[in-house]
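*Asks:* Here it is, the structure in full.
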Amino acid sequence: MGRLSRRVRALKIRFTAPDAESPMQVRTVTREEQLAAEEPLEIRLGHQPFSVTMRTPGDDFDLVAGFLLSEGVIWEPGQLISERFCAGEDENGMQTFNVVEAQLRPDVALPDTAAARNVYTTSSCGICGTASIDAVRKASRHPVADGGTAPMVDAALLASLPDELRTGQKLFEKTGGVHAAGLYSADGHLLYLREDVGRHNAVDKVLGAALRDGRLPLHNTVLQVSGRASFELVQKAAMAGVPVLAAVSAPSSLAVELAAESGVTLVGFSRGTSMNVYSHPGRIGGTGA
């Protein structure tokens, strides 16, 4: 398995603030820094290439399962017969673990691998290879339950999740360069936590782990993410039946639109003492509203 981080040499530059008696000084030192790893992962369906994404190595089978769920290819664990690493060698002939072959159940309809989705995808964008705008929106086999009206999660509990997520970010603690996604039960119990240089990859890893464990649909759960709430993250939550998606930063306008449309409670700017609820606020209890 590839390493989660790499050590590199960097020139560290420090500035000392000037005062009345001395000017600003600059000090430099060369030292090793630990950075999050980023490597390509090729996803194959059988022997057919499907997609290439940039990711942090680790939990790759979860990533592939979650990616296939998000793409609407599979929606239950029995449809994914097996996953295995194959091919992929570096210049020294060592296995790179950068190719995963997924074997699907014979009755699963294969996606059109000739479409433009079969292209390179960066770690910052998970839908860049989608062939058309119409193909971005996908129907979930696990629609969000109850239409988003019944209180499900306490507001104070929801506000505590960003700090809870942060305490579990071991790779971020080392590198400062990865996103995180945590799936929690409605009472705040952590079910899965994953980190990756791509925020969409972190979410795919969490949802893929839940799918492989047979937990879908993910009703009565909360998906907490460390960054902003994009359209794509809302869609991934909806595809898995997650009713509440909370982010520490802002949502996009299209993310709010999709959340309202798909029944997802979307929370942004969740930072311990305050939060904004953009859609289906009826799921948030303990507000006195």
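*Asks:* Got the relative contact order for segment 177-257 handy, in percent, Cα pairs under 8 Å and 6 or more residues apart?
*Replies:* Result for segment 177-257 is 28 percent.
*Asks:* Evaluate the charge dipole of segment 146-246 about its Cα centre and quote only its size in Debye, nearest 20, assuming +1 on the Cβ of each Lys and Arg and -1 on the Cβ of each Asp and Glu.
*Replies:* 320
*Asks:* Right, here's the next one. Just the Kirkwood number for segment 224-265, please: inverse of mean 1/r across all distinct Cα pairs, in Å, one decimal.
*Replies:* After inverting the mean inverse Cα-Cα distance, the result is 9.7 Å.
*Asks:* Determine the per residue accessible area of segment 154-277 with all protein chains present and a 1.4 angstrom probe, expressed in square angstrom.
*Replies:* Roughly 34 Å² per residue, with all protein chains present.
*Asks:* So what is the diffusion coefficient of segment 141-289 in µm² per second by Stokes-Einstein at 4 °C and 1.567 mPa s, using a Kirkwood Rh over Cα pairs?
*Replies:* Estimated diffusion coefficient is 88 µm²/s.
*Asks:* Still on this structure: On a straight-distance basis, which aspartates and glutamates could pair with LYS236 in a cross-link, Cα separation under 15 angstrom, same-chain partners fewer than 8 positions away excluded?
*Replies:* Cα-Cα hits under 15 Å: ASP62, GLU71, GLU76, ASP204, GLU257, GLU261.
*Asks:* Could you give the alpha-carbon Rg of segment 175-262 over 2.2 N^0.38 Å, rounded to two decimals?
*Replies:* With N residues counted in segment 175-262, Rg over 2.2 N^0.38 Å equals 0.99.
*Asks:* Let me ask something else. Between GLN48 and GLN34, what length comes free when the chain is fully extended (0.36 nm per residue of separation minus the Cα-Cα distance, one decimal in nm)?
*Replies:* That works out to 1.5 nm of additional length.
*Asks:* For LEU11 and ASP213, compute 0.36 nm times the residue count separating them, minus their Cα-Cα distance, and round to one decimal in nm.
*Replies:* 68.2 nm
*Asks:* Heavy atoms only, probe 1.4 Å: what % of the accessible area of segment 176-289 goes to carbon and sulfur, would you let me know?
*Replies:* 48
*Asks:* Given H placed on each backbone N at 1.01 Å, which residues far from MET275 in sequence or on other chains put an amide H within less than 5 Å of it?
*Replies:* So MET275 has HN proximity to no qualifying residue.
The values are calculated or read from the model by the stated rules, or taken from the named source; none is laboratory data. Computed from a prediction, not measured in an experiment: that's the story for all the values here. So basically every Cβ, Gly included, is an ideal-geometry build from the backbone, and we count neighbours across all protein chains shown. SASA here: full protein model, heavy atoms, side chains in, ligands and nucleic acids out. Shrake-Rupley method; radii C 1.70, N 1.55, O 1.52, S 1.80 Å.
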